[in-house]
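Visitor: Dropping the structure in here first, questions after.
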């Protein structure tokens, strides 16, 4: 059934995903060197006293935001599948055309692995990792037709 209700402000679209980080420089370096993002913009949000970097990769924009704090609360590190019992955003989900090669690159670069090139669904494999501050990133391989080689 189509939704005929229109948002009064017009159509909404994704601008970016924001990620609070303890170390802006370490996280920028990791996302650039491991996942291929580039810095599009850097600045400061005076209203919340935070520095930010907008990083991009193939149309995806992440906003890394860092506020000086004596102590940050750490990312919840509940392991999958129990991480689904903790409410909130679960993972940044990316896709690659070559999951085995991507996984090998991540292993070579000593990225924290949750699982490597595992069957996620009947027609999809994935590699799940953590960034340096513990955020989950799930990298999907291409969708395969059921009944064909899934690797």
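Visitor: Taking residue 108 as the residue in question, decide whether it is under 23 Å from residue 38 (Cβ atoms) and under 17 Å from the mean Cα position of the chain (by Cα).
Guide: Judged against the criteria, residue 108 is not a match.
Visitor: Of (1) within 15 Å of the chain's Cα centre (by Cα); (2) exposed (fewer than 13 other Cβ atoms within 10 Å of the Cβ); (3) on the phi < 0 side of the Ramachandran plot, residue 88 satisfies all except one. Which?
Guide: Just one mismatch for residue 88, condition (3).
Visitor: Of everything in the range 107-143, what is more than 23 Å from residue 21 (Cα to Cα) and in contact with a helix residue (DSSP H, G or I) (Cβ under 6 Å, 6 or more places away or on another chain)? Give them in sequence order.
Guide: Matches in the range 107-143: 116, 117, 125, 141.
Per-residue answers, yes or no, for (1) in contact with a strand residue (DSSP E or B) (Cβ under 8 Å, 6 or more places away or on another chain); (2) in the same structural domain as residue 127 (by TED's automatic domain parsing); (3) surrounded by 11 or more Cβ atoms within 10 Å (Cβ to Cβ); (4) under 17 Å from residue 18 (Cβ atoms):
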position	(1), (2), (3), (4)
53	yes, no, yes, yes
65	yes, no, yes, yes
83	yes, yes, yes, no
93	yes, yes, yes, yes
96	yes, yes, yes, no
105	no, yes, yes, no
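Visitor: If you take just the strands (runs of 3 or more DSSP E) that sit entirely in the range 12-102, which of them hold at least 2 residues that are over 21 Å from residue 116 (Cβ atoms) and touching a helix residue (DSSP H, G or I) at 6+ places or on another chain (Cβ under 9 Å)? Can you show your working first?
Guide: Details: elements: 17-20, 38-45, 50-57, 60-67, 92-95.
It comes to 38-45, 50-57, 60-67.
Visitor: Would you point out the residue of the range 21-49, among those that are buried (at least 18 other Cβ atoms within 10 Å of the Cβ) and without any contact (Cβ under 8 Å) to a residue 60 or more places away in the chain, that is nearest to residue 134 (Cα to Cα)? Explain how you work it out, then say what you get.
Guide: Of the residues in the range 21-49, the ones buried (at least 18 other Cβ atoms within 10 Å of the Cβ) are 21, 27-28, 30-31, 35, 37.
So of that shortlist, the ones also without any contact (Cβ under 8 Å) to a residue 60 or more places away in the chain come out as 28, 37.
Details: 28: 14, 37: 18 Å.
Step by step, filter the range 21-49, then rank; the result is 28.
Visitor: Just name the residue that is surrounded by the most Cβ atoms within 10 Å (Cβ to Cβ) out of those in the range 107-131 that are in a loop (DSSP other than H, G, I, E, B) and free of Cβ contacts under 8 Å to residues at least 40 places away in the same chain.
Guide: The first filter runs over the range 107-131 and keeps only residues in a loop (DSSP other than H, G, I, E, B), leaving 109-111, 122-123, 131.
Adding the requirement that they be free of Cβ contacts under 8 Å to residues at least 40 places away in the same chain leaves 110, 122-123.
Numbers: 110: 8, 122: 10, 123: 15.
Once the filter is applied, the top-ranked residue is 123.
The values are calculated or read from the model by the stated rules, or taken from the named source; none is laboratory data. Here the structure is a predicted model, which is why all the values come from computation and not from measurement. Glycine also receives a Cβ, built like all others from the backbone with ideal geometry; neighbour counts cover every protein chain displayed.
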